[in-house]
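*Asks:* Quick one: the structure is below, questions incoming.
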Amino acid sequence: MSAPRYKQLLDRLAQEIRSGALRPGTRLPPLRQLARREGLALVTASRVYAELAGMGLVSGEVGRGTFVRDPSLPAGHGLDLGVLAPDLVDLGFNYPTLPGQAELLRSGLRQLAQGGDLEAMLRYQPHGGRPHDRATVARHLASRGLSSCGEQVLLVDGAQHGLACVGLALLQPGDVVAIDALSYPGFRLLAETLRLELVAVPAARHGAGPDLAALNRLCQQRRVRALYTMPTLHNPLGWVMGLAEREALAALAEQHELLLIEDAAYAYLVERAPPPLAMLAPERTVYISGLSKSVAAGLRLGFVHAPKAWIAALERAIRASTWSTPGLTTALGCAWLEDGTVDRLEREKRADARERQRLAAELLGPLPRIGHPGSYFLWLPLGEDVRADRVAAELLQGGISVSTAAPYTGKRDGSEPQAIRLALGSVDRAALAPALREVRRVIEAHSVL
């Protein structure tokens, strides 16, 4: 029995795209034209394009049509961290380190070996961390404007694990969670895994936070359980919400009984930020941060600050997912919190991030940019006729990895905005400068095609 006609057309188009007969960026016929040409019903022609989009071969844009994507760009590019080629310049992920941190690690491990209770590091830790360590983290969080006690702090294996524990403990499959239209891919992946329903909230017109009127309408129309938000240094847009907007959001959360999930992974880069939401709405906010960005990506020590009423449920989630943080990691991280090492690294990384942003502004020239002058990432909106997947694929062929907007929207059908996100903190400045020049060259070349 021969395959259905739509399947024959689907296979033919897929083969033409993969073979290069249909080049990346080619605009495919409008649906009605395709349906007439192939003798298909309009709904069947629409199914062909939808399945091609699901395969990552085409992207559809409202008002512009359907375009062939570059199949050389890896699926999930910018979201899935694989083994990188040793000569690849990684502008896709941020794992900022400073010169001398390897020696710092040697010194820290040596100090741990020379003192303290080493046998305790070989045993299980309490699920949320030892009281002394939790109190150490609580004192550190006070420098971020979050005053609390150790009883409200739990230690986890990095901020991503903290987010997972919040999802496991406080949310249920099918819960509706509001999220910025552009937001951290790790939470989107977590929501998909936990079968949460994410609903996008557009950015406010002034560009510094979610549109609270739109969020209010959503809460009136749907039973929204939670809002995931990054009020201090949003990833990827770099905004910092003002105090008035935070207070309005706290009031909105109270009105609609929202759980606020406050991701503060990059908050250390902003000096004199307004108070965290966890101070403005303390009974309904879970605050998550860690040392992966401020110290090192391999130091998987994260913090969860929550109302006392939720601590027991969060401890059960920690027990179910990892039991406890490793004793060695916890001891090292807390020692650096206590002796001022973390504070020093954060100061130095704030200066480093500002210098990298200055360098990017100089070398990217007239390209449109959205970001914060003290952040480790930058958002580059592309021109109307520039395809992000083609730009990313050409850069990747030249040894430079960047991310498109797809991981930040959660959309794999090409309806995401055409933009590139640059992570500025993972390569030394000597390698960053030529990479930024190449990013500008490729984008400008595609802008005049």
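Each reported figure results from applying straightforward, stated rules to the coordinates on display, with no laboratory input. Keep in mind the model is a prediction, meaning the values are calculated, not measured. Heads up, the Cβs are rebuilt from the backbone with ideal geometry, glycines too, and the neighbour counts pull from every protein chain shown.
*Asks:* If I stretch the segment between ALA309 and ARG139 completely, what's the gain in nm (0.36 nm per residue apart, minus their alpha carbon distance), one decimal?
*Replies:* Result for the pair: 59.1 nm of gain on full extension.
*Asks:* Roughly how many nanometres apart are two label points built 7 Å out from the Cα toward the Cβ at ARG354 and ALA433?
*Replies:* Between ARG354 and ALA433, the label points sit 2.1 nm apart.
*Asks:* Where does helix 131-142 land angle-wise versus the long Cα axis of the chain, in degrees 0 to 90, nearest 10?
*Replies:* Long axis of 131-142 versus the principal axis of the chain: about 60 degrees.
*Asks:* Most mobile of LEU168, LEU40, LEU146 per a Gaussian network model of the chain (Cα springs, under 10 Å)?
*Replies:* Checking each option, the largest mean-square fluctuation is seen for LEU40.
*Asks:* Quick check: net charge around ARG272, other residues with Cβ under 13 Å of its Cβ, Lys/Arg +1 and Asp/Glu -1?
*Replies:* +1
*Asks:* Going by amide H atoms built from the backbone, whose H comes under 5 Å of the H on GLY290, apart from near neighbours?
*Replies:* Amide H neighbours of GLY290: PHE303.
*Asks:* As an exercise, use a Förster radius of 41 Å and the Cβ-Cβ distance of ASP11 and GLU192 to find the FRET efficiency, rounded to the nearest 0.05.
*Replies:* Computed FRET efficiency for ASP11 and GLU192 comes out at 0.90.
*Asks:* Subtract the Cα-Cα distance of ARG47 and TRP323 from 0.36 nm times their separation in residues, and report this length gain in nm to one decimal.
*Replies:* Answer, rounded to one decimal: 94.8 nm.
*Asks:* Further question: Which value, in Å to one decimal place, does the Kirkwood hydrodynamic radius take for the range 90-230 when every pair of different Cα atoms is included?
*Replies:* Final number for the Kirkwood radius of the range 90-230 is 18.6 Å.
*Asks:* Where does the charge balance sit around SER321 when Lys and Arg score +1, Asp and Glu -1, over other residues with C-beta under 12 Å from its C-beta?
*Replies:* Neighbour charge sum, excluding SER321 itself: 0.
*Asks:* Let me ask something else about it. For THR285, which sequence-distant residues (separation of 5 or more, or a different chain) have an amide H within less than 5 Å of its own amide H, given hydrogens modelled in the peptide plane?
*Replies:* When sequence neighbours closer than 5 places are left aside, the close amide H contacts are LEU260.
*Asks:* For helix 159-170, report the angle its Cα long axis makes with the longest principal axis of the Cα atoms of the chain; keep it between 0 and 90° and round to the nearest 10°.
*Replies:* So the inclination is approximately 90 degrees.
*Asks:* Per 0.36 nm of contour for each residue apart, how much would the distance between TYR95 and ARG37 grow if the chain were fully extended, relative to their Cα-Cα spacing?
*Replies:* 15.8 nm
*Asks:* Further question: State, to one decimal in nm, how far the label point of GLN220 lies from the label point of GLN172, with both points 7 Å from Cα in the Cβ direction.
*Replies:* Distance between the two pseudo-spin positions: 2.7 nm.
*Asks:* Between the helical axis of 341-364 and the dominant principal axis of the chain, each derived from Cα atoms, what acute angle in degrees is found, rounded to the nearest 10?
*Replies:* 30 degrees
*Asks:* Can you tally the net charge around GLY158? Count Lys and Arg as +1, Asp and Glu as -1, for every other residue whose Cβ sits under 11 Å from the Cβ of GLY158.
*Replies:* Net charge in that neighbourhood comes out at +1.
*Asks:* Calculate the length of the line joining the C-alpha centroid of the range 203-236 to that of the range 339-387, in whole Å.
*Replies:* Each part reduced to its Cα centre gives a spacing of 24 Å.
*Asks:* Select from GLY145, GLY128, GLY238 the residue whose mean-square fluctuation is largest in a Gaussian network model of the chain (Cα-Cα springs shorter than 10 Å).
*Replies:* Among GLY145, GLY128, GLY238, the largest mean-square fluctuation in the Gaussian network model of the chain belongs to GLY145.
*Asks:* Still on this model: Taking the chain as a Gaussian network, Cα atoms linked when under 10 Å apart, which of LEU337, LEU118, LEU396 shows the biggest mean-square fluctuation?
*Replies:* Looking only at LEU337, LEU118, LEU396, the largest GNM fluctuation is found for LEU118.
*Asks:* Okay, moving on. Suppose only helical runs count, i.e. DSSP H with n ≥ 4. What mean residue ellipticity at 222 nm does that imply for the chain under -39500 (n - 2.57) per run, divided by all residues and rounded to the nearest 500 deg cm²/dmol?
*Replies:* -13500 deg cm²/dmol
*Asks:* Using Cα centres only, tell me the gap between the range 257-274 and the range 4-65 in whole Å.
*Replies:* 43 Å
*Asks:* Still on this structure: Which FRET efficiency value, to the nearest 0.05, is calculated for ALA361 and LEU109 with the Förster distance at 30 angstrom and r the Cβ-Cβ distance?
*Replies:* So, using R0 = 30 Å, E works out to roughly 0.20.
*Asks:* Along the three principal axes, how long is the chain when you take its alpha carbons, biggest first, rounded to the nearest angstrom?
*Replies:* Extents along the principal axes: 76, 51, 48 Å.
*Asks:* So for the pair GLU119, ASP87, with labels modelled 7 Å out along Cα→Cβ, what separation do we get in nm?
*Replies:* In this crude label model, GLU119 to ASP87 measures out at 5.3 nm.
*Asks:* As an exercise, find the ratio Rg/Rh for the range 84-144 from alpha-carbon atoms, using the Kirkwood inverse-distance average for Rh.
*Replies:* A ratio of 1.10.
*Asks:* I've got another one for you. Could you rank the peptides 263-269, 214-220, 294-300 by their average count of other C-beta atoms within 10 Å per residue, with the highest value first?
*Replies:* 263-269, 294-300, 214-220
*Asks:* A further question on this structure: Give the calculated FRET efficiency between VAL448 and ARG205 to the nearest 0.05, with a Förster radius of 22 Å applied to their Cβ-Cβ distance.
*Replies:* Efficiency, rounded to the nearest 0.05: 0.10.
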